[in-house]
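Colleague: Have a look at this one before I ask anything.
The values are calculated or read from the model by the stated rules, or taken from the named source; none is laboratory data. On a predicted model such as this, the values are computed, not experimentally measured, just so you know. Every residue, glycine among them, receives a Cβ derived from its backbone with ideal geometry; neighbour counts consider all protein chains shown. In case anyone asks, the SASA skips ligands and DNA or RNA and just uses the protein heavy atoms, side chains included. Shrake-Rupley method; radii C 1.70, N 1.55, O 1.52, S 1.80 Å.
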Amino acid sequence: MAGPSVPVITAPGAAPAAAPSTQPAAVQPAPAQPAAAQHFESSSMPAQPAAAPASSAAPAAPSGAAEPAAPAQAAAAPTSADPLGALISGLAAPVKLAFLLPEADSPFEGPSQEVLQGVLAANYASASPIEVLLVRPRAGESIAGMVRRAAMAGAMAAIGPLDRSKLAELAALDYLPLPVVALNQIDLDTAVALSPEEIAQKRQQLEARRASEQHLRDLIIAETNEALGESSGQQDKSGGIKTRSTVPGLVFAEELAVSTVRYEPVAFPRGLLMLGLSMEDDAARVARLGLAALPPTTSKGTRPKVLLLDYDKPLEKRVSAAFEHTLVAAGYAPDRLTVDLSQFQRVSKFFDLAIERLDASEFNEALIDQEADPVGWRQQQIRIRRLKAAKRARAALAEPPYHAVFLAMDAKTASLIRSRLPMRSRIWGAPMINPGDPRNDPQAQAMTYDLLQVAFVDSPLVLDFDAEEFEDLYRVPAPQTTVQKRLFALGADAFEAALSIAHGTSSASFDGLLGTIAYNLTLSPKAERRGQTAMIFGGELRVMNENDVVDFESVKTNSRRMRAQARSYERLHREAQRAAREAGTLIDESSGAAPAESFDNYNFSGGDAASDTQAGDSAEAGAAAPEASAAALP
């Protein structure tokens, strides 16, 4: 039983272009027609998914799908190439869509075939499959000419192109002969340079806003200290994380130059809908989620700071610019750092711990002379190091210098960065940070542990992919890579949108394979795409709704880990006092005779245990305070 045909439109009187090996097997060109033919000739072979051989008949209709018409019935009906004849005969012309292919030697040929796979598979999985025209460009033909030929062949809407430069050509037209669902997108605004006077005014406004924000922070801090009163002295004296990083290349928000451009809207022809896999749109949405997760103020009453890390590659820079644009528009100008992996080989962490020195209230015993009492001196050193390790662990869990860190980089680079960031910082990324399928890829599973608690958005098809269910539904081989899955999802959703527009719908929304798709051709040429939110945990990608992602805490302030750290420090402090009392070195607190000169002779700072201990001491400290080693920054 024959299925709906998928003609390949060719130039009049010329042989169709040879299909590349990646083209679906069922979509084959027809033999060349005589030169006298003055109409579009097309192949009569049925359109089948790529899994079906060219010589086979149309595949069995999916469950719930309508059975295609018999050849005799199809021949009796008016042809879709003659919609005017159909109208005269009183019958409605069948819906026909066109798919705009690139040149056979174009770098977009492979990705276009992946998208076409999604279009054809979605067509056959639908209840009533339709005809899809494959439009290949003639030599030197513009994209506008391809669209006109598709309209002349009876197409009611077109899908494509994938090339952004071709899309820009379409966007520059005054009108389109038929609606087009583009597979990429361009900016809705264009940058216009500001005059020197406008730049000076913008700089003054920025300085005034910063001064106002600083004045407000000072008032909040003063009111907080006044309200706390005597209790302000009871705050944690363990220390915290330094706000200034020693990593080269970090540019702080106050050092960023004022933007010298403004943006004006661009006019687009009616009927153009841009639906693409824009990482910039995903980054903008992730940035808004990250801002929603920020606390109103820090523990000091200041506005939370955010950090933006990117990599020096074109796509990463575009994603970074999208992050920055959204953050600046919301009033959270980020500190920025471009990653240089050669520099990070010598950097174990971005932010060092600033540990408060031990004072008399924490270590109130007289120092033992090593020569006079070697055994007692050794035991006292162990007590000191235990207290320092516990204090260091508590400082590692202190409030981070950046409450949100946005990573504009792929999973491989991000996996080298994540472990160098504070544990309580929320980490956010674009879809490129997705490591892959941890259930079937050991390397992807390993990276999920390096990218622990990184939140991102991606296509629902990618996040919840099941190869068996996919092949049962679409009757095609399951895509292997993450990029192939996204391109397939793009084709399926583009088919859904184009079919809706071909039926005369100017605005609609639906749950697609890329997420929730919504468009309104009257208001904007750009479709709104909202991917699925998710978070990376050890060994899995966990799908989560937006509210759960926003409310998630990397380390809760009342968590078991932080309570264990507090109990560990208190226990070690009591043990040190008891040991000092037994050794006779405990200083009477009421006497106030703390040997300050002795404290100055010993380094009580909270640096690494390896920097001020002899060989073997670090192992003893780690055994004495396991919580410290587990919670310390890497």
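Colleague: Of the conditions (1) part of a helix (DSSP H, G or I); (2) of a type outside the set (S, T, N, Q); (3) over 26 Å from Val457 (Cβ atoms); (4) modelled with pLDDT of 90 or more, Ala284 fails just one. Which one is it?
Modeller: Going through the list (1) part of a helix (DSSP H, G or I); (2) of a type outside the set (S, T, N, Q); (3) over 26 Å from Val457 (Cβ atoms); (4) modelled with pLDDT of 90 or more, Ala284 breaks only (3).
Colleague: Scan region 409-423 and tell me whether some residue there is under 22 Å from Thr326 (Cβ atoms) and open to solvent by 20 Å² or more (accessible area, probe 1.4 Å).
Modeller: The answer is yes; a qualifying residue exists.
Colleague: Also, quick follow-up: Please enumerate the residues belonging to region 375-420 that are over 15 Å from the mean Cα position of the chain (by Cα) and not in a helix (DSSP H, G or I).
Modeller: Leu397, Ala398, Glu399, Pro400, Pro401, Tyr402, His403, listed by residue number.
Colleague: Another question, if that's okay. Is it the case that region 344-361 has a residue that's open to solvent by less than 30 Å² (accessible area, probe 1.4 Å), in a loop (DSSP other than H, G, I, E, B) and at pLDDT 75 or above?
Modeller: Scanning region 344-361, I find no residue that is open to solvent by less than 30 Å² (accessible area, probe 1.4 Å), in a loop (DSSP other than H, G, I, E, B) and at pLDDT 75 or above, so the answer is no.
Colleague: Return the pair list, or none, for Cβ contacts closer than 7 Å from residues in region 163-190 that are within 14 Å of Gly271 (Cα to Cα) and of a type in the set (A, V, I, L, M) to residues that are open to solvent by 50 Å² or more (accessible area, probe 1.4 Å) and at pLDDT 95 or above, at least 6 apart or on different chains.
Modeller: Taking only residues 6 or more apart or on different chains, the pairs are Leu178/Met156.
Colleague: Might you check whether a residue that is open to solvent by 40 Å² or more (accessible area, probe 1.4 Å), closer than 24 Å to Ala253 by Cα and modelled with pLDDT under 95 occurs anywhere in region 466-480?
Modeller: no
Colleague: Could we say that Leu523 is buried (at least 16 other Cβ atoms within 10 Å of the Cβ) and either modelled with pLDDT of 95 or more or farther than 20 Å from Tyr124 by Cβ (or both) here? Spell out how you get there, then give the answer.
Modeller: On the way: buried (at least 16 other Cβ atoms within 10 Å of the Cβ): no; either modelled with pLDDT of 95 or more or farther than 20 Å from Tyr124 by Cβ (or both): yes.
Considered against the rule, which asks whether it is buried (at least 16 other Cβ atoms within 10 Å of the Cβ) and either modelled with pLDDT of 95 or more or farther than 20 Å from Tyr124 by Cβ (or both), Leu523 comes out as no.
Colleague: Which one is farthest from the chain's Cα centre (by Cα), of the residues in region 428-442 that are under 15 Å from Val543 (Cα atoms) and open to solvent by 20 Å² or more (accessible area, probe 1.4 Å)?
Modeller: Per the stated criteria, the residue is Arg439.
Colleague: Can you give me the number of residues within region 317-338 that are in contact with a helix residue (DSSP H, G or I) (Cβ under 8 Å, 6 or more places away or on another chain), under 16 Å from Trp428 (Cβ atoms) and either acidic (Asp, Glu) or open to solvent by 10 Å² or more (accessible area, probe 1.4 Å) (or both)?
Modeller: Selection size over region 317-338: 8.
Colleague: With the requirement that a residue be assigned to a loop (DSSP other than H, G, I, E, B) and farther than 20 Å from Lys202 by Cα, what does region 296-332 give you?
Modeller: Pro296, Thr297, Thr298, Ser299, Lys300, Gly301, Thr302, Arg303, Pro304, Lys305, Asp312, Lys313
Colleague: Looking at region 454-538, what strands (runs of 3 or more DSSP E) fall wholly within it and have at least 1 residues that are among the basic types (Lys, Arg) and within 20 Å of Ala284 (Cα to Cα)?
Modeller: Passing ranges, in order: 528-530.
Colleague: Counting only residues that are open to solvent by 40 Å² or more (accessible area, probe 1.4 Å) and more than 24 Å from Arg420 (Cβ to Cβ), how many does region 285-299 have?
Modeller: 4
Colleague: Failed condition for Ile220, given (1) under 30 Å from Gly145 (Cα atoms); (2) among the β-branched types (Val, Ile, Thr); (3) modelled with pLDDT under 80, with all others met?
Modeller: (1)
Colleague: Residues that are open to solvent by 10 Å² or more (accessible area, probe 1.4 Å) and among the aliphatic types (A, V, I, L, M): find the strands (runs of 3 or more DSSP E) completely inside region 116-196 holding 1 or more of those. If you could, list the steps in order and put the result at the bottom.
Modeller: Details: elements: 131-135, 157-159, 180-182, 189-193.
Per the criteria, 189-193.
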